[in-house]
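Read through the structure below, which is laid out as C-alpha cells, and then see the notes.
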Amino acid sequence: MNMEQLKEFVALENRKKELDSELKAIAAQLDDLEQSLVPQFLEDGVQSMKIDGRVVYVAQDIYPSPASDRAAVVEALKKSELGQYVSENFNSQSLRAFVREVAEEVRLQCEQQDKLLTEEAVLAALPAPLGQALKVSFIHSLRSRKT
C-alpha cells in the first residue's frame, strides 16, 4: 500500500469537507444579503448596478395563478380566444409560457421608458378576460455576472 497516496487522499477528503462547510456558510450569507438587497433594488427602481468588475441585477420569475378559481381562468381563456390552453382544465405550463411571452414584450416597453416591470403592467397587457381571472406574482432574485 502506498501510504503517501493514502495520506494525500485523506488530506484531500478533509479539505473537501472544510470547503463544503465554508461553501454552505457563504451560501447562507448570500441568501441573507439577497433578502436585504432585493427590496432595495426594487424600492429604488434599479434593475442593475456595476460594482467591482461585476454586474449585479434583479432577475424576475413570473408565476400566474387563478385570482379566484380555475374555472374562471378556463372561461377567460375561452373568451380570450386562447382555447388551445384549455381542455377540461388549463395547462399551467403553457399558460405560464404565454404569460412570460407577454411579460417579455412589456419588459421591453418598460426598458425603453426606463421603468421596472410590474405585475400590474403584465396583467394589463393580457387579454381583458384573462387579466381579470389571473393573479401574476414575481419572484425576485439577485444575480451577478462578470462585466
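For the stretch 92-145, give me each residue that is in contact with a Gly (Cβ under 9 Å, 6 or more places away or on another chain) and more than 30 Å from ILE51 (Cβ to Cβ).
Scanning the stretch 92-145 gives LEU123, ALA124, ALA125.
If we keep just the residues of the stretch 45-81 that are within 19 Å of PRO129 (Cβ to Cβ) and part of a loop (DSSP other than H, G, I, E, B), which is most open to solvent (accessible area, probe 1.4 Å)?
GLU81
LYS24: surrounded by fewer than 11 Cβ atoms within 10 Å (Cβ to Cβ) and over 26 Å from LEU117 (Cβ atoms), yes or no? I'd like the intermediate steps shown before the answer.
Details: surrounded by fewer than 11 Cβ atoms within 10 Å (Cβ to Cβ): yes; over 26 Å from LEU117 (Cβ atoms): yes.
For LYS24, the condition - surrounded by fewer than 11 Cβ atoms within 10 Å (Cβ to Cβ) and over 26 Å from LEU117 (Cβ atoms) - is met.
I'd like the full set of residues that are modelled with pLDDT of 95 or more and open to solvent by 80 Å² or more (accessible area, probe 1.4 Å), limited to the stretch 133-146.
Across the stretch 133-146, the qualifying residues are ARG143, ARG145, LYS146.
What number of residues within the stretch 117-132 satisfy the criterion of being within 19 Å of ASP44 (Cβ to Cβ) and open to solvent by 40 Å² or more (accessible area, probe 1.4 Å)?
The qualifying residues number 3.
Go through the stretch 86-96 and give me each residue that's within 18 Å of ALA128 (Cα to Cα) and either touching a Phe, Trp or Tyr at 6+ places or on another chain (Cβ under 6 Å) or open to solvent by 40 Å² or more (accessible area, probe 1.4 Å) (or both).
Matches in the stretch 86-96: LEU95, ARG96.
Has the stretch 68-87 got any residue that is basic (Lys, Arg) and closer than 26 Å to LEU37 by Cβ?
no
The values are calculated or read from the model by the stated rules, or taken from the named source; none is laboratory data. These numbers were taken from a predicted model, which means no experiment stands behind them. Cβ: placed from backbone, ideal geometry, glycine included. Neighbour counts: every protein chain shown. For the accessible areas, the whole protein counts, side chains as well, though only heavy atoms, and no ligand, DNA or RNA atoms are used. Shrake-Rupley method; radii C 1.70, N 1.55, O 1.52, S 1.80 Å.
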